[in-house]
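Right, one structure below, let's go through it.
The values are calculated or read from the model by the stated rules, or taken from the named source; none is laboratory data. Owing to the predicted nature of the structure, the values given are computational and were not obtained by experimental measurement. Cβ placement follows ideal geometry from the backbone for every residue including glycine, while neighbour counts extend to all protein chains displayed.
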Amino acid sequence: MPAAPRVRAADVFTPEEWAPFQTRAGWVGPLLVAHCWGVIALAVAAGVIWPILIPVCVMVIGTRQLGLAILMHEAAHGGLSPNRRVNDFLGHWLCAVPVGASLDAYRPYHLAHHKYAQQAEDPDLVLSAPFPVSRASLRRKIIRDLTGQTFFKQRVLFALKAFGTSRDADMAEGAVVTGKSAPPFLLVNAALFAVMALAGVWWAWFALWLLPLATWFPMVTRLRNIAEHACVEGSATDPFRAARTTRAGWWERAFIAPYWVNFHAEHHLFMHVPCWKLPALHRAVRATEPGRRMEVAPGYAAVMREATSHSLRKTA
């Protein structure tokens, strides 16, 4: 099985230029996890105090639930802490399990995605290969997300068919991320419900945790998946075009793409660089001659237009 083409840091940077991207601060990863839960807690409190804000709170919380999945992804690369036990505890119990994932199941799956990115053996290829699609097709997918149908499929059907042979695009990452984690997911969510019930706001678990998890979280996860790899010409042969980076304004970072997940091209080039250093890595890579080949979109709306354009050829 041929692995995806690679590029070495030494092919792009001098040792002095590369040195800042090799260091890791042990406190940043835990701080990001605390930040994510802090935003969720504040949004829950705002929704409880001012129920009129619940629709906005659902979007904020759903995006931070995606943030937990992104920080689980960081842990899969050992990026949350230099200490492996701390890294894996944070990544599994505080990031993966609350949103129905398993770090132990996700890590080998995701590293296989990096090894075979956009090759036939890439387990995530089914997420990008169908694109471009019609606007009606994308609209149907988003409606399924926002009405809870995707959540039901992932949390119920995946638990019954975990790690089966299906190549359905919606079964790829989800089966691995959710299929083996039903018992701890239920346990942690029971604890969250108990905490809210003891605080006298039992309904907040349904309105301000389960509802975002069942609606906004699947939708922004889909947008993230599309933006990362869909419709990138030359992605199977050029390491600088293995993925797409999407410029994100403050509102996109708040409601779609937290924790620098939009810098995906840089992540595929140098997957061990911590997520919080990706903006600086983006500037450094783009300043080089090969870095100009990277696919950089001006925003998520532009990516969705490209992903629904039938004039594009599927080149993956």
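Things worth noting here:
- Residue match in segment 277-300 (condition: among the aliphatic types (A, V, I, L, M), over 27 Å from Gly29 (Cβ atoms) and touching a residue at least 40 places away in the same chain (Cβ under 8 Å)): yes
- Entry remark, segment 1-54: residues being closer than 30 Å to Pro239 by Cα, aromatic (Phe, Trp, Tyr) and not in a loop (DSSP other than H, G, I, E, B) number 2 in total.
- For segment 39-46, the criterion of being at negative phi and loosely packed, with under 12 Cβ neighbours inside 10 Å is met by none of the residues.
- None of Arg253, Arg222 is touching a residue at least 60 places away in the same chain (Cβ under 8 Å), among the basic types (Lys, Arg) and assigned to a helix (DSSP H, G or I) except Arg222.
Results for (1) within 27 Å of Ala243 (Cβ to Cβ); (2) at pLDDT below 95; (3) within 23 Å of the chain's Cα centre (by Cα); (4) among the aromatic types (Phe, Trp, Tyr), shown as yes or no for each residue.
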position: Ala3; (1), (2), (3), (4): yes, yes, yes, no
position: Ala9; (1), (2), (3), (4): yes, yes, no, no
position: Pro20; (1), (2), (3), (4): yes, yes, no, no
position: Gly29; (1), (2), (3), (4): yes, no, yes, no
position: Ala45; (1), (2), (3), (4): no, no, no, no
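- Extreme residue, nearest to the chain's Cα centre (by Cα), among residues of segment 110-132 that are within 16 Å of His267 (Cβ to Cβ) and surrounded by fewer than 18 Cβ atoms within 10 Å (Cβ to Cβ): Leu111
- Test for Arg135: is it more than 19 Å from the chain's Cα centre (by Cα), exposed (fewer than 15 other Cβ atoms within 10 Å of the Cβ) and without any contact (Cβ under 8 Å) to a residue 24 or more places away in the chain: no
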